[in-house]
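Novice: After the structure tokens below, expect a handful of questions from me.
The values are calculated or read from the model by the stated rules, or taken from the named source; none is laboratory data. These numbers come from a predicted model, not from an experiment. Ideal geometry is used to build each Cβ from the backbone, glycine not excepted, and the neighbour counts take in all protein chains shown.
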Amino acid sequence: MKQNIFFEKKNIKLAKLFPGYKFEKNFIVNSVKPLFSAQEKDITFFDSQKYKQDIIKTKANVCITSEKLGKFLPNSIKKIIVKNVLFELARVTKTLYPFADADYPDLFLIKPKKNQFKNVRFGNNVLIGKNIKIGSNTIIGANTIIESNVSIGNNCLIGSGIIIKNSIIKNDIVIQDGCKIGQKGFGFIPVKGNNIKFPHIGKVIIEDNVEIASGCTIDRGSIDDTIIGKNTYLDNQVHVAHNVKIGSNCMIAGQVGFAGSSKIGDYVSIGGQAGISGHLKIGNNVKIGGGSGVVKDIEDNQIVMGYPAVPLKDFIKNSVKKNDKK
């Protein structure tokens, strides 16, 4: 059982979370996880046919779902049938992780001690939390905050005025001034005129040799993790929402926005001010033109542009037709 190092969890038995159901095994719930990564003592959820292929990967015994979607789950999985899957998921997650629905300030920040980080260089006014790890030859700029349990690898260059929380930063990373990494994402559920906050229990993982330019915001995962793959470069003011997966060797230009839970393949190039809608799958070797709005999946090796984004040939044809009508 892998413990969540960033959020305190309560030990609660399954039957207490779902008092209206009977369970053959009333175990202490380990965590809440997506279908593809959930294990025997995790609670998972199924709220869209888009994730039907993940059912065969799950090892979970209990799944929150709707009556309509429940028919796709095997009989071996106990179905918790609800009207609003995400609302019930938020309730369960909040019960297990009571402090994950807001970014509470780290009250244990102190100045780093030189004898604790002999091979790390710190600028003025750097503050760090408890149980952090920083590798050799890493430089941390002035006024930067590294909150509790964060891990930063070797040979990293962390600029000034940066806040990093709930994150694992690997080796040879450059993060330029003013970035915010690991905060809660934009997650809530409107119910009867009220907005129910969705807890975010995931983290940010930044793989080796990534460069993140000034003013970027990378939200931690909600139930899953947010991941930036190896050798990927983000330009200034890029926003990466919760659960987004960006592959290796990607080039993302300034002011691009990724909505939650989209998956971006390897060797993807995206021009400035493009927007990627949520829960999409962008293939490998894809090129997306600047200012485009991507609202559906894109297969490998495609070049797209426009709003909504279409293959480049179609975009050019449409532009010619519009000009001919003028």
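Novice: So if I check each of TYR104, TYR97, which one is aromatic (Phe, Trp, Tyr), under 23 Å from the mean Cα position of the chain (by Cα) and modelled with pLDDT under 95?
Specialist: TYR104
Residue by residue, here is whether (1) surrounded by fewer than 17 Cβ atoms within 10 Å (Cβ to Cβ); (2) on the phi < 0 side of the Ramachandran plot; (3) in a strand (DSSP E or B) holds:
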site	(1), (2), (3)
ASP266	no, yes, no
GLN273	yes, no, no
ASP300	yes, yes, no
VAL304	no, yes, yes
TYR307	yes, yes, no
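Novice: Follow-up. Among what's in the stretch 25-46 and is out of contact with any strand residue (DSSP E or B) (no Cβ under 6 Å at 6 or more places or on another chain) and free of Cβ contacts under 8 Å to residues at least 40 places away in the same chain, pick the residue that is farthest from LYS203 (Cα to Cα).
Specialist: Among those residues, the one meeting the criterion is LYS25.
Novice: For the subset of the stretch 271-326 comprising residues that are of a type in the set (Asp, Glu) and more than 29 Å from the chain's Cα centre (by Cα), which member is modelled with the lowest pLDDT?
Specialist: Residue satisfying both the conditions and the ranking: ASP324.
Novice: Which of the residues that make up the stretch 132-170 are among the aliphatic types (A, V, I, L, M) and closer than 14 Å to GLU207 by Cβ?
Specialist: Answer for the stretch 132-170, where residues must be among the aliphatic types (A, V, I, L, M) and closer than 14 Å to GLU207 by Cβ: ILE152, ILE168, ILE169.
Novice: Let me ask something else about it. Please count how many residues of the stretch 41-75 are over 16 Å from LEU14 (Cβ atoms) and aliphatic (A, V, I, L, M).
Specialist: Matching residues across the stretch 41-75 total 4.
Novice: Can you tell me which condition ASN137 does not meet? The list is (1) at positive phi; (2) in contact (Cβ under 8 Å) with a residue 40 or more places away in the chain; (3) of a type outside the set (Val, Ile, Thr), and all the others hold.
Specialist: (2)
Novice: Need pairs with beta-carbon distance below 6 Å; first residue in the same structural domain as SER160 (by TED's automatic domain parsing) and farther than 29 Å from PHE46 by Cβ and within the stretch 206-226, second surrounded by fewer than 24 Cβ atoms within 10 Å (Cβ to Cβ) and small (Gly, Ala, Ser); sequence gap 6+ or separate chains.
Specialist: Going by the 6 Å Cβ cut-off, the qualifying pairs are SER214/GLY178; GLY215/GLY178.
Novice: Let me spell it out: the conditions are (1) touching a helix residue (DSSP H, G or I) at 6+ places or on another chain (Cβ under 6 Å); (2) over 30 Å from HIS242 (Cα atoms), and ASN119 meets all of them except one. Which number is the exception?
Specialist: Checking ASN119 against (1) touching a helix residue (DSSP H, G or I) at 6+ places or on another chain (Cβ under 6 Å); (2) over 30 Å from HIS242 (Cα atoms), the one that fails is (1).
Novice: Now a separate question. Identify, from the list ILE43, ILE56, the residue that is of a type in the set (A, V, I, L, M), outside the structural domain of ASP225 (by TED's automatic domain parsing) and crowded, with 20+ Cβ neighbours inside 10 Å.
Specialist: ILE43
Novice: If VAL126 satisfies all but one of (1) surrounded by 17 or more Cβ atoms within 10 Å (Cβ to Cβ); (2) under 27 Å from VAL244 (Cβ atoms); (3) assigned by TED's automatic domain parsing to the domain that holds THR232; (4) in contact with a Gly (Cβ under 9 Å, 6 or more places away or on another chain), what's the number of the condition it fails?
Specialist: Checking VAL126 against (1) surrounded by 17 or more Cβ atoms within 10 Å (Cβ to Cβ); (2) under 27 Å from VAL244 (Cβ atoms); (3) assigned by TED's automatic domain parsing to the domain that holds THR232; (4) in contact with a Gly (Cβ under 9 Å, 6 or more places away or on another chain), the one that fails is (2).
Novice: Does ASN166 count as surrounded by fewer than 19 Cβ atoms within 10 Å (Cβ to Cβ), assigned by TED's automatic domain parsing to the domain that holds CYS250, of a type in the set (S, T, N, Q) and touching a strand residue (DSSP E or B) at 6+ places or on another chain (Cβ under 9 Å)?
Specialist: no
Novice: Follow-up. Given the conditions (1) closer than 17 Å to LYS41 by Cα; (2) of a type in the set (A, V, I, L, M, F, W, C); (3) free of Cβ contacts under 8 Å to residues at least 24 places away in the same chain, and given that LEU69 satisfies all but one, which numbered condition is not satisfied?
Specialist: Of (1) closer than 17 Å to LYS41 by Cα; (2) of a type in the set (A, V, I, L, M, F, W, C); (3) free of Cβ contacts under 8 Å to residues at least 24 places away in the same chain, only one is false for LEU69: (1).
Novice: Could you tell me which residue of the stretch 19-34 is nearest to the chain's Cα centre (by Cα), considering only residues that are closer than 26 Å to HIS242 by Cβ and of a type in the set (S, T, N, Q)?
Specialist: The residue in question is SER31.
Novice: Quick check on my filter: what residues within the stretch 59-104 are polar (S, T, N, Q), surrounded by 17 or more Cβ atoms within 10 Å (Cβ to Cβ) and touching a Leu at 6+ places or on another chain (Cβ under 8 Å)?
Specialist: Of everything in the stretch 59-104, just one residue is polar (S, T, N, Q), surrounded by 17 or more Cβ atoms within 10 Å (Cβ to Cβ) and touching a Leu at 6+ places or on another chain (Cβ under 8 Å), namely THR65.
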